[in-house]
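Shown next, in structure tokens, is the structure this report addresses.
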Amino acid sequence: MTAIYNTIGAGYDRYRSADPGITETLARTLGRPKVGSYLDLACGSGNYTIALARKGYTLTGLDISRRMLTAARQKSRAAGWVLGDGERQPFADRVFQGVVCILAIHHFHDLSVTFKECRRILCPGAPLVLFTGEAGQMRHYWLNTYFPVAMTRSMADMPTRALIERSLRDAGFADLSFANYFVSADLQDHFLYSGKHNPGFYLNDRARAGISTFARHGDEAETRQGLARLDTDITTGRFAQVRQTYRSDLGDYLFVSARRS
């Protein structure tokens, strides 16, 4: 994970920012801020760390990418920024009142190890809140029509809902809850499927550069051909038919919450 985010980190914040709706759901699930610190695991350039700090939480942001943390420090001193690995977290036991992890669990090699580390550093009864995609949902992204190789590779990295649940239970978490999230047209954080309602978004080279699926799994020839097809389909109106074939009730992303037992 270090290499890819040191690569895409340079222009990452040009199209990535904390979405207010996602931030509000994270805060609501965490509960009222308590005295003590909360951890943003794999915080990236700190967008959601900073947004949650503005809601009254005392935040520490942990990330394995120096470039991302440098960007975070330049933006705000509202949080403590720590370089480290989510599978070997550099913190004492039972020191955090809550943990959030936004669009990052697919980068960890072993979810059980990561979640066990989260349990270790959490106070008893404290929440863990995830925002993530899962493989079953990604099969219903219309991006599969235009970038099938990149999407297949990306789905192979993405955990299934069953794996997330099993890993959380194995790590000692209880009170698991799953809530589907559907991308809205006014989404302000431009991650992979943020262009669900705005296909022209993907025609922007700089916008794609901040998305790990394209940066990590994209094949140059496929991307070029896929963009040409997408541009044509938008122009001719055929895209509406393509999007219709990918309708799904599974949600586009997933909020997961659990508590340290």
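The values are calculated or read from the model by the stated rules, or taken from the named source; none is laboratory data. All figures in this text were calculated on a predicted structure; none of them were measured in a lab. Note: ideal-geometry Cβ built from the backbone for every residue, glycine included; neighbour counts use all protein chains shown.
Numerical summary
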{"item": "Any hit, segment 74-82, residues being at pLDDT below 95, over 29 Å from ARG208 (Cβ atoms), out of contact with any Asp or Glu (no Cβ under 9 Å at 6 or more places or on another chain) and surrounded by fewer than 21 Cβ atoms within 10 Å (Cβ to Cβ)", "result": "yes"}
{"item": "Residues that are in contact with a helix residue (DSSP H, G or I) (Cβ under 8 Å, 6 or more places away or on another chain), more than 19 Å from ARG120 (Cα to Cα) and either buried (at least 24 other Cβ atoms within 10 Å of the Cβ) or free of Cβ contacts under 8 Å to residues at least 40 places away in the same chain (or both), drawn from segment 53-69", "result": "LYS55, TYR57, SER65, MET68"}
{"item": "Hey, GLY125 among the small types (Gly, Ala, Ser), farther than 25 Å from THR213 by Cα and assigned to a strand (DSSP E or B) or not", "result": "no"}
{"item": "Subset of segment 125-159 [in contact with a Gly (Cβ under 6 Å, 6 or more places away or on another chain) and over 20 Å from ILE22 (Cβ atoms)]", "result": "ALA126, TYR146, PHE147, ALA150"}
{"item": "Some residue of segment 136-146 being in contact with an Asp or Glu (Cβ under 7 Å, 6 or more places away or on another chain), under 22 Å from GLN244 (Cα atoms), surrounded by 21 or more Cβ atoms within 10 Å (Cβ to Cβ) and touching a residue at least 40 places away in the same chain (Cβ under 8 Å)", "result": "yes"}
{"item": "Residue in segment 194-205 that is buried (at least 20 other Cβ atoms within 10 Å of the Cβ) and under 14 Å from the mean Cα position of the chain (by Cα) present", "result": "yes"}
{"item": "Helices (runs of 4 or more DSSP H) lying entirely in segment 184-255 (those with 1 or more residues that are within 19 Å of ALA156 (Cα to Cα))", "result": "212-217, 220-236"}
{"item": "Single residue of PHE239, PHE255, PHE191 found to be surrounded by 15 or more Cβ atoms within 10 Å (Cβ to Cβ) and farther than 30 Å from ALA171 by Cα", "result": "PHE239"}
{"item": "Restricting segment 214-225 to residues that are among the charged types (D, E, K, R) and more than 23 Å from the chain's Cα centre (by Cα), the residue that is surrounded by the fewest Cβ atoms within 10 Å (Cβ to Cβ)", "result": "GLU220"}
{"item": "Checking ALA228 against (1) buried (at least 17 other Cβ atoms within 10 Å of the Cβ); (2) over 15 Å from TYR141 (Cα atoms), the condition it does not meet", "result": "(1)"}
{"item": "Residue in segment 113-124 that is closer than 30 Å to TYR246 by Cα and among the hydrophobic types (A, V, I, L, M, F, W, C) present", "result": "no"}
{"item": "Output for segment 85-102, where each listed residue is surrounded by 15 or more Cβ atoms within 10 Å (Cβ to Cβ) and small (Gly, Ala, Ser)", "result": "GLY86, GLY98"}
{"item": "Single condition LEU41 does not satisfy, out of (1) surrounded by 24 or more Cβ atoms within 10 Å (Cβ to Cβ); (2) more than 23 Å from THR213 (Cβ to Cβ); (3) out of contact with any helix residue (DSSP H, G or I) (no Cβ under 6 Å at 6 or more places or on another chain); (4) not hydroxyl-bearing (Ser, Thr, Tyr)", "result": "(2)"}
{"item": "Matching residues, segment 147-180, being in contact (Cβ under 8 Å) with a residue 12 or more places away in the chain, in a helix (DSSP H, G or I) and under 26 Å from ASP231 (Cβ atoms)", "result": "PRO148, VAL149, ALA150, MET151, ARG153, SER154, MET155"}
{"item": "Residue check for ARG153: under 24 Å from SER212 (Cα atoms) and surrounded by fewer than 18 Cβ atoms within 10 Å (Cβ to Cβ)", "result": "yes"}
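Conditions tested, residue by residue: (1) aliphatic (A, V, I, L, M); (2) touching a Ser or Thr at 6+ places or on another chain (Cβ under 7 Å); (3) closer than 30 Å to ASN198 by Cβ.
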residue: LEU122; (1), (2), (3): yes, no, no
residue: PRO127; (1), (2), (3): no, yes, no
residue: PHE131; (1), (2), (3): no, no, yes
residue: VAL149; (1), (2), (3): yes, no, yes
residue: SER154; (1), (2), (3): no, yes, yes
residue: PRO159; (1), (2), (3): no, no, yes
residue: LEU163; (1), (2), (3): yes, no, no
residue: LEU168; (1), (2), (3): yes, no, no
residue: TYR181; (1), (2), (3): no, no, yes
